[in-house]
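See structure below.
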Amino acid sequence: MNLGLTSCLVVIALSINSVGVQAVAHEVQKKTVERRAVVIPIDAFTLVDQNSSEFQFSKLAGRVVVVAFAYTTCPDVCPLITAALRQVQSGLTTDEHKKVFLLTITTDPEIDLPKVLANYGKRYGADFANWSFLTGDQAALQRVWKNFGVGVKRKGRGLVDHTPLTAVIDRQGKMRVAYVGPAPDAKAILRDVRGLLAP
Amino acid sequence: MTLSGLITTSLLLALAAGCGRNERMDLIYGQRCANCHGTGGRGDGSIAASLPTPPPDFRETVQRKSNSQIRRVIAEGKGAMPAFDPALRPSEINDMLQMVRYLSREGRDLAWWEKYDTLIAAHCSIPWESALGLDDAPEKKP
């Protein structure tokens, strides 16, 4: 085979392959994150945390809670949401650490077992003292997703479409702010948290 | 070159370089990897700039990694990169290993392709997983 023909075939092959990936790429639209002021009571729920321990939401009464919905093999919005929560946690003062709690609730309990969630949290540098990663059985999670208004649709093993919600819950257990979008601004979340902490 | 020499060279080459791309690899890579790593593996996916640590350009990093090192990162994750075990089956993780290898050498000069592409194409036309009995059982429906 001569060099010219080889180079043509290689270029054609690479072009076809490039189109192939683009055709199936799970593109994230660069949408602005929408911030909504809401008042939605959150019902008590019990799930399982990254240590396989029972986690009762009611025990967070009196604290401001930031809740995000994500799953560990998510290829698009979740890494940005979890990175934002990490920024929120590192932006809290020592005093605020005692008054604020972070929750990441999975949308894929099939894959996200407690050990998987623990490794996920460690990779993001989460301080588990005030950040828990929750899973549970499908029925319990579905009640939580519904209460928060999160739609979840399984597309394949480890591949789930879900509402990219990050919510801020006040000390009385009511959702007061809902960020819907791929990359919530950590500074804006911190402002909301501090607003709800203020007497 | 004798026939046995050709087969041995083909196998060694394929082990070192991996096979070319196929539709299954493109599908998995497109669904799970391209948003961060980019369609060409240059670290320029649609969300790359927003990640805490930018993804690498495979051409600059993969050549220095062993297959087991790459497989471990795909399976266990690293930083913001998801751990794809157990969401992906072992054969799918191997597909992604090959894809990463493939994308890392897209910048290879034409002399390399001129020398080896026929052998790689011949090797990759053989259904090795089936021949070696490594096919996955079909996924169980919940």
Partner shielding of B:75-83, as the mean number of partner chain Cβ atoms within 10 Å, equals 5
Long-range amide H partners of A:Leu134 with built H, under 5 Å: A:Thr104, A:Ile105, A:Thr106
Counting other chain Cβ atoms within 10 Å of each Cβ in B:84-94 and taking the mean gives 3
The number of Lys pairs in the range A:35-197 whose alpha carbons lie under 20 Å apart, excluding pairs fewer than 8 residues apart on one chain, is 9
Taking a ≥ b ≥ c as the square roots of the eigenvalues of the Cα gyration tensor, with a/c under 1.5 meaning rounded and otherwise prolate when a/b exceeds b/c and oblate if not, the range A:36-132 is rounded
Quick check: from the Cα gyration tensor, does the range A:35-197 come out rounded (a/c under 1.5), prolate or oblate? rounded
Scalar couplings 3J(HN,Hα) for the range A:156-172 by Karplus 6.51 cos²θ - 1.76 cosθ + 1.60 (θ = phi - 60°), nearest whole Hz, x for Gly and Pro, are x, 5, x, 9, 9, 8, 8, 5, x, 9, 10, 10, 10, 10, 7, 5, 9
Chains B and A: what accessible area do they bury, summed, in square angstrom to the nearest 100, with a 1.4 Å probe? 3000 Å²
Can you give me the distance in nm between label points at B:Gln69 and B:Asn22, each placed 7 Å from the Cα along the Cα-to-Cβ direction? 2.8 nm
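The values are calculated or read from the model by the stated rules, or taken from the named source; none is laboratory data. From a predicted model like this one, the values you see are computed outputs, not experimental measurements. A quick note on method: Cβ atoms are made from the backbone with ideal geometry, for glycine too, and the neighbour counts reach across all protein chains shown. SASA here: full protein model, heavy atoms, side chains in, ligands and nucleic acids out. Shrake-Rupley method; radii C 1.70, N 1.55, O 1.52, S 1.80 Å.
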